[in-house]
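A.B. asks: First the structure, then my questions, so here it is.
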Amino acid sequence: MVINKVISVLLGLSFSSVTIASNIQTKFEGKIDASYDSGSDSVSWLDKGWGTTRFGKNEDRFSISRAAFTSRIDFANSWSLFGVAQYAPEPKANFGITEAYFQYKPIARGYQVSAKVGAFYPKMSLENTGFAWSSPYTYNYSALNAWLGEEVRAIGTELTIKRPARRFRSKYDVSFHTAIFKGNDPAGTLIAWRGLLPHDRQTHLNERIGFAPLYSLQKPQLSKQWQYSDPFHEIDGRFGFYVGAHLEYLKKYSLRVYWYDNNADPAAINESIGQYAWDTKFLSMAWKSKLTKHTHFVAQAMSGSTAMGPGRGVDNNFHSWFLLLSQKLENYRLSARYEQSKVIDKDHWVFDPNASDNQALTLHASRSLSNKWRVGLEWLYSDSWLSYRYKSGLPLDLTDKIWRATVSYKF
């Protein structure tokens, strides 16, 4: 895909340590997570199994679970170039780009107008605000943000208009965001054929994500769909869009509201890669309260629909929400998150059941050893009911209890 070649060139420039001129500044940072994971009794979906956890049966318990690298080049003309590359060990060790974009942000005395061009995340989340779109509160992301990390990326341009509180002697920061994009037509594949699940795996821009073999893909109606999601391809030639608003009060309370619509034609298909366009749209609302300087409460909810095939043969609604409370005690971070996700099957193709219902509880404790080193322990309880397991011989309802110990190094 041409866009991936362009982004690769941009990222190659951004990772260069050569200073082209004295008025250009470069910054490079990285973070490496080494983890021991207790794993589950089921094969992970990343290995095309029916499990609901990132690391499943017969996988290495100890691994470099994530390595992320960011680079930024600031030019003197208000332009900057930003890139993110990440390593993941499964299903095969791979290294790829997750974001790469130019940003234009001129100095302003009043309203601040800025723009992005490239591939980037919409800033919907108040959970994934850490390094390289990670969470500062837990290792595993909530199911709804984990899905954003898998199948949602804007490859296009975004315009932002911000009214900074300080410049207007106000208690409120307000900003509006709008973007048009292409290359996100298959988004929704994993919602229908795997469900919404909590984890911390971000998809690279040229990566395919597999899922368990489905009986329904052997039927004539779905025989052209291949056994994976390739989420960052353009299928129908249409532009998608999103609009969002951010409101912040006294730097203590934050609200983000977004409407996303990839504007895809569900009847369109690229047979050379076996991917349909999914008509996917959703509303996302995120809230964050700084109850004290060290106590944060975060909540987010998402509700939408996704459909593919002639006559919207696969047609689903989906809903997901979570509540998270985090407390910092000197060098320690303690967090707890509860969440629920549901996919509702609305179509009449009985051979392709898509309904799923998931609940999860995450408990996290970590300690900072220095500015560079951090250790932590996390427990994830996941109870999932997946209707498409009926042909696999597995029970529809499965429960996983996973421990993860992590050592992190940041530079």
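The values are calculated or read from the model by the stated rules, or taken from the named source; none is laboratory data. As the structure is a prediction and not an experimental result, all values here were calculated from the model. Glycine gets a Cβ as well: all are built from the backbone with ideal geometry, and neighbour counts include every protein chain shown. Ligands, DNA and RNA are excluded from the accessible area calculation, which covers all protein heavy atoms including side chains. Shrake-Rupley method; radii C 1.70, N 1.55, O 1.52, S 1.80 Å.
A.B. asks: Could you pull out which residues in the stretch 328-351 have an amide N less than 19 Å from a spot 7 Å beyond the Cα of Q359, following the Cα-Cβ vector?
C.D. replies: Answer for the stretch 328-351: 336-344.
A.B. asks: Any idea which of L377, T160, Y242 is furthest toward the positive side of the dipole for the chain, if Lys and Arg beta-carbons carry +1 and Asp and Glu beta-carbons -1?
C.D. replies: The one lying farthest along the dipole's positive direction is T160.
A.B. asks: On to the next question. Ignoring everything except DSSP H segments at least 4 long, calculate the 222 nm mean residue ellipticity for the chain; use -39,500 (n - 2.57) per segment, divide by total residues, nearest 500.
C.D. replies: Counting only the DSSP helices, I get -2000 deg cm²/dmol.
A.B. asks: Given a cut-off of 29 Å, name the pairs among K171/K410; K182/K293; K182/K342; K251/K372; K182/K328; K219/K401 whose C-alpha atoms lie farther apart than that in the structure shown.
C.D. replies: K171/K410; K182/K293; K182/K328; K219/K401
A.B. asks: Leaving out ligands, DNA and RNA, what percent of the accessible area of the chain is carbon and sulfur, probe 1.4 Å?
C.D. replies: Carbon with sulfur: 59 percent of the solvent-accessible area.
A.B. asks: Cβ neighbours within 10 Å, averaged per peptide: list 270-283, 236-249 in order, most packed at the top.
C.D. replies: Final packing ranking: 270-283, 236-249.
A.B. asks: Taking 0.36 nm per intervening residue step and subtracting the Cα-Cα distance, what contour gain separates K105 from Q227 on full extension?
C.D. replies: Length gained, K105 through Q227: 39.7 nm.
A.B. asks: Kirkwood Rh, Cα Rg: Rg to Rh for the stretch 240-289?
C.D. replies: Looking at the stretch 240-289, the ratio lands at 1.26.
A.B. asks: OK, next. Modelled label-to-label distance, L369 and K293, 7 Å Cα→beta-carbon offset: nm?
C.D. replies: Label at L369, label at K293, 2.7 nm between them.
A.B. asks: Kindly sort V117, V152 by accessible area of their heavy atoms, largest first, with the probe set to 1.4 Å. Could the numbers behind the result be given before it?
C.D. replies: Details: V117 70, V152 0 Å².
So, going from the largest accessible area down, we get V117, V152.
A.B. asks: Okay, next question. Rounded to the nearest 20 debye, what is the charge dipole size of the stretch 30-152 about its Cα centre when +1 sits on each Lys and Arg Cβ and -1 on each Asp and Glu Cβ?
C.D. replies: Working: 12 positive and 12 negative charges, 102 e Å.
Computed charge dipole of the stretch 30-152: roughly 500 debye.
A.B. asks: Which distance in Å, rounded to a whole number, links the C-alpha centroids of the stretch 334-390 and the stretch 80-158?
C.D. replies: That distance is 21 Å.
A.B. asks: Could you work out how much longer the chain between S387 and R72 gets when fully extended? Use 0.36 nm per residue separation minus the Cα distance between them, nm to one decimal.
C.D. replies: 108.9 nm
A.B. asks: Continuing with this model, one more query. Contour minus end-to-end for L329 and V257, with contour as 0.36 nm per residue of separation and end-to-end as the Cα-Cα distance?
C.D. replies: 22.9 nm
A.B. asks: For a paramagnetic label modelled at 7 Å from the Cα of W79 toward its Cβ, which residues of the stretch 98-131 fall within the zone defined by backbone nitrogen distances under 12 Å?
C.D. replies: 102-105, 117
A.B. asks: Just the number please: accessible area per residue for the chain, 1.4 Å probe, all protein chains included, in Å².
C.D. replies: It amounts to 44 Å² per residue over the chain.
A.B. asks: In the calculated pair distance distribution of the chain, what percentage of Cα-Cα distances lie above 40 Å?
C.D. replies: 13
A.B. asks: Which ³J(HN,Hα) values, rounded to whole Hz and listed in residue order, are derived for the stretch 84-98 from phi using the Karplus coefficients 6.51, -1.76 and 1.60 in 6.51 cos²θ - 1.76 cosθ + 1.60 with θ = phi - 60°, glycine and proline given as x?
C.D. replies: Each residue of the stretch 84-98 in turn: 10, 10, 9, 10, 9, x, 9, x, 10, 4, 8, 10, x, 8, 10 Hz.
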